[in-house]
Structures are given as C-alpha cells and as structure tokens.
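Asks: I have a structure here, written as structure tokens, and I will follow up with some questions on it.
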Amino acid sequence: MGSIGKRLNSSIILVCLSVCLSCSVTLANEERVMVFTNRTNIHWMNQDTKEHHIMPLEGITEAKYVDFDPVDHMIYWSDVQEGGSISRATLCSEDRETIVSDIFIKHVKAAFVSIAVDSIRRAIYWTNSASDLIERVNLDGSNRTIIAQYDMGSPIDVEVDSKAGFLYWLDAGIKPRIESCSLSGLGRRVLVDLSDQYPSILELDVKTQALYWNDKNTKQLFTARMDGSSMKVLKSGIPHITGIFIEGDYIYWTDWWNKNIERTPISADEEHSVILGPVKDMEDLISFKVNSDFVHCPPRPASKFRAYTYIVNRTVEAKFTWKAGYDWKMPQYFELDQKDFDSQIWVEVYKISEESDRSVVLELEHSQKYEFRVRACNMYGCSRSNTPEVQFTTDTVSPILSKEEQINVFPTLLKTGIILGGILLFIGTVLAVWGYWRSRKRKSRRYRAVRYSTSSYIT
C-alpha cells in the first residue's frame, strides 16, 4: 500500500505540475484585445503591440453594440439597419454569420439593440427599444424568447451576470431607471431611480460587484453597488460617451466628440489618457484577454486571379496575375499551386514575395488541361478559404478568368449597360427638349409674321 500511495502521490504531483505549466504557458501567450464599432466597421486593437485593424467584413451598415464569447472566441455585434440583426465572427474571420434578424419592424429608423452574451448558458440577450422589450436566443439561433416586456419605457442597454444568473438593464424612458431580473425574467425590481438624470450607457463589473452609468445632463459618470446602494459620482467632465468598459483598475470609454478611446483610473483622480484615435463615429467597446493564436491572422485571399495564355516560339506560355488582399499589416508572400489531376493534390510550383510583381510566367505543354490557384500566406499560415482558382486547356489562346472574376463580369457589364443607357436617355431627353423649344420658337415666329402681315393689310 505504501508503494501504491507513493506512486499515486507522485502521479498527482506530476499532473499538478503539468497543469501549472500549461496554465503558465497560456497566461504567457495571452494578449489584451480591445474591440469597438464605428457604424460600418468592427475594429480591434492589440493593446500590447498597439496594432489596430479593421475586420475585413462585408454587409455591415449600422453596427452599434459589441460583446465577446470567451468560449468560442467570437465577436458579437448588433446592426440596427433593415429591421436589426445580431451577427458574429472571429477576430481573423473572413466572413460573418447572422444568428438573429428582424428584431424590430423594418420601417423603424432608429432603435437601441444592446447585446450581452451569456457564455455559460450559451445564449445572448438584447434590448429592443422599438418594441420596449428584452429578448434572448441561443447562440445557435434557436429558442428565441421574450424575457421582459411590461412596464418598459425605453430599454437601451443590457448587461448579464452569467455566474449569478441575473440581467441588468438601463431604461431611458420617461422614468429613467436601472432594473434587474433573473435570466428567465422572474424577480424583476428597480435598483436605481434615475428620474433626475439623462443616462445612455450602463456597464457591469462583476468582479467588484459594481454598476456604472453616465448622465448627459451633468456630464458625469456614476457608480453604485449591484443592489443599487452606495450611489456616488465617479468622474466629471465626460460629456460625449457612447460606450464604457471596466478592465482592472481602469475605466475605458469612447468619446464621440473627440473621436478617441480614453481611460482613467477608477479610484485615482488623474487626467484622461488617450488609448486610440481619432476614429469617427465610435460606438460601443469591449476589452478582453485571448490566446495569441487567435490574433495571429493569415492574410485575406487574393482576388482577381487571371491567366493569359499565348504562344512564343512554338511554346505555350501562361501569365498569371492577381490582386493582394488584406495583409493584417504583416509581410506576406504568395504561392502558385498546380493541381495534379491523378492524385488531386495541389503542388506548389512558384513562390512570390510581397515585394515582387503580382505576376508569374510559366511554360506549359500544348493541348493539356491545367488548374492553378494562388494562396496568400504569412508567418502564421495561408488564406483559409475562398482561394481563387483557374482552369483551362492550352488549345485556346485567350485570357482565362477565375470563377470569382467570371461571377463579377456580369455585374460589371450590367453596370456598364445601365450607365450607357442612362447617358443615352439623358442625351435623348436633351434633344427632345431642344427640339420642342425649337418648334415652339418657329411657331412663335410664324405667328408674329402672320400678325404683322394681317395688320399691314388692314392698314
């Protein structure tokens, strides 16, 4: 038994050491990231290296609020155009995914859709100031449910305490207040009466059990305990806040007027310091720590990939050209790959540095089928999806477009046709107006001539 006990103790010690080592490695590889919105873009900044990026996402029209899921390392944001929607993407993502849409009626021009992710129960909560209610949905888009809807003025900001299982929200209606309830909507109560204030932002710090909000009238930041007690003024002279976030001993906010992200210590009375700026139309912001693997992004795929085949001294040559995508502000290079049709494996045939021309010339055989692709790469890997490819046979000598370019040809021709049609319509309208004016002028001259001749005859 003694030997078995010693073995168990030694194994437990080894497991503990391995866990501690893995934790220390994870902590050593963590980096602080700040994410914020400015209507048509989602920005993120590595606070350690100060690298600032705009996520290369399409289809964002009016992004307002943002939150983070530490489990799947996903960024969530709300878009308040076209009925409102909530979408998500990773920091390095090339595409976005919409998990809920049609939050409010589409003819509504403005609504507050604040969001809060419950990473434990895998759900997201949001406010709907157009219909004056709070809803939730699972992160996979299922089980959409109304949590609170009665006696609501204008809910504009929501926060979630996942561990304790409570929701907190700011109601900025006729009777401004901060309320809370359970995650199922039960036990609703008013925590802070803000009847003499004009609040627009609410923030929750679970670690210190504190609430934070602003007052546009007095240009002050307030704080209170999560039960609504011990309310006091925290900071003064902060007039144009559109988002606040608490991290450690500091409070961060976006200043819409100065177009900056600023911060100041919570407890000390120090001057504000600028973290990032200027950026127009900044809205909500969050800050979090993430493993460095999630901020080391491979470049976006190349685009406009084309192949031009021609004959030189009885030899078929192919020239490949492309346009580089977003490089995440890091050196990138390109790999030209050829598909082996027997094994269906891509084989690298050429590597091009970023400084070189975005073109390659290869000698090919007559009457052979070829398929090529180009991949953008950096020290962290190559583009993960949407890699452009071209396929052709050397019997024909002509420019070959990638599938992406073929798809883009029709819209280009359509736009060209619309523009030419518009020009012709404009010219036709001008000629018609000019012809009408000329005919009126001729009739006027004839009328005056007839009147003159008639008056002369009478005289």
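Every number in this text was worked out from the coordinates using simple rules, so none of it is lab data. Keep in mind that what you see is a predicted model, and the values were worked out from it rather than measured. When we count neighbours, we look across all protein chains shown, and the Cβ atoms used for this are built from the backbone with ideal geometry, even at glycine.
Asks: Output the Cα-based Rg and Dmax of region 257-344 in Å, rounding Rg to one decimal and Dmax to a whole number.
Replies: 24.2, 80
Asks: What does the highest-first list of 87-96, 289-298, 121-130 look like by mean Cβ count within 10 Å?
Replies: Values: 87-96: 18.7, 289-298: 16.7, 121-130: 21.5.
Descending mean neighbour count gives 121-130, 87-96, 289-298.
Asks: Using amide H atoms built in the peptide plane, which far-off residues or other-chain residues are under 5 Å from E247 H to H?
Replies: Under 5 Å from the amide H of E247 lie the amide H atoms of Y252, each far enough along the sequence or on another chain.
Asks: Would you compute, for the Cα atoms of region 303-404, the largest minus smallest coordinate along each principal axis and list the three values in descending order, in whole Å?
Replies: 43, 29, 22
Asks: Taking the Cα atoms of the chain alone, what are Rg (to one decimal) and Dmax (as a whole number) in Å?
Replies: According to the Cα coordinates of the chain, Rg and Dmax are 32.0, 146 Å.
Asks: When the expected Rg is taken as 2.2 N^0.38 Å, what fraction or multiple of it is the alpha-carbon Rg of region 27-294? Mind showing how you got there, number by number?
Replies: Details: Rg = 17.3 Å, N = 268, 2.2 N^0.38 = 18.4 Å.
Taking the Cα Rg and dividing by 2.2 N^0.38 Å, one obtains 0.94.
Asks: So what is the calculated 222 nm ellipticity per residue for the chain, using -39500 (n - 2.57) for each DSSP H run with n of 4 or more, over all residues, to the nearest 500 deg cm²/dmol?
Replies: Numbers: 2 runs with 83 residues, N = 459.
The per-residue figure over the chain is -6500 deg cm²/dmol.
Asks: Mind listing the phi-derived Karplus ³J(HN,Hα) values for region 370-378, rounded to whole Hz, using 6.51, -1.76 and 1.60 with θ = phi - 60°, and x for any glycine or proline?
Replies: 10, 9, 10, 9, 10, 10, 8, 9, 9
Asks: Also, quick follow-up: Give me the extension gain from V71 to E271: residue separation times 0.36 nm, minus the current Cα-Cα distance, reported in nm with one decimal.
Replies: Numbers: separation 200, 0.36 × 200 = 72.00 nm, distance 3.56 nm.
Between V71 and E271, full extension yields 68.4 nm more.
Asks: Here's something else I'd like to know. Just grab the label-to-label distance for S236 and H107, each label 7 Å out from Cα along the Cβ direction, in nm (one decimal).
Replies: About 4.7 nm separates the two model spin labels.
Asks: Same structure, new question: Which of the residue pairs K329/K351; K64/K216; K216/K280; K304/K329; K319/K339; K109/K235 have a Cα-Cα distance greater than 23 Å in the structure shown? Don't skip to the end; give the middle numbers.
Replies: Numbers: K329/K351 20 Å; K64/K216 19 Å; K216/K280 20 Å; K304/K329 21 Å; K319/K339 17 Å; K109/K235 33 Å.
Result: K109/K235 exceed 23 Å.
Asks: In a solvent-free Debye calculation with one equal scatterer on each Cα, what is log10 I(q)/I(0) for region 159-258 at q = 0.10, 0.15 Å⁻¹, listed in the order of the q values?
Replies: -0.25, -0.58
Asks: From the Cα trace of region 335-388, what convex hull volume per residue do you get, rounded to a whole Å³?
Replies: Output value, Cα hull per residue: 99 Å³.
Asks: Also, quick follow-up: Radius of gyration and Dmax for region 306-365's Cα atoms, expressed in Å?
Replies: 13.7, 43
Asks: Compute the length gained on full extension between V312 and D48: take 0.36 nm times their separation in residues and subtract their Cα-Cα distance, giving the result in nm to one decimal.
Replies: Computed gain between V312 and D48 is 89.7 nm.
Asks: On to the next question. Can you give the relative contact order of region 303-404 as a percent, counting alpha carbon pairs under 8 Å and 6+ residues apart? Can you show the working numbers first?
Replies: Details: 215 pairs, mean separation 35.3, N = 102.
Computed value for region 303-404: 35 percent relative contact order.
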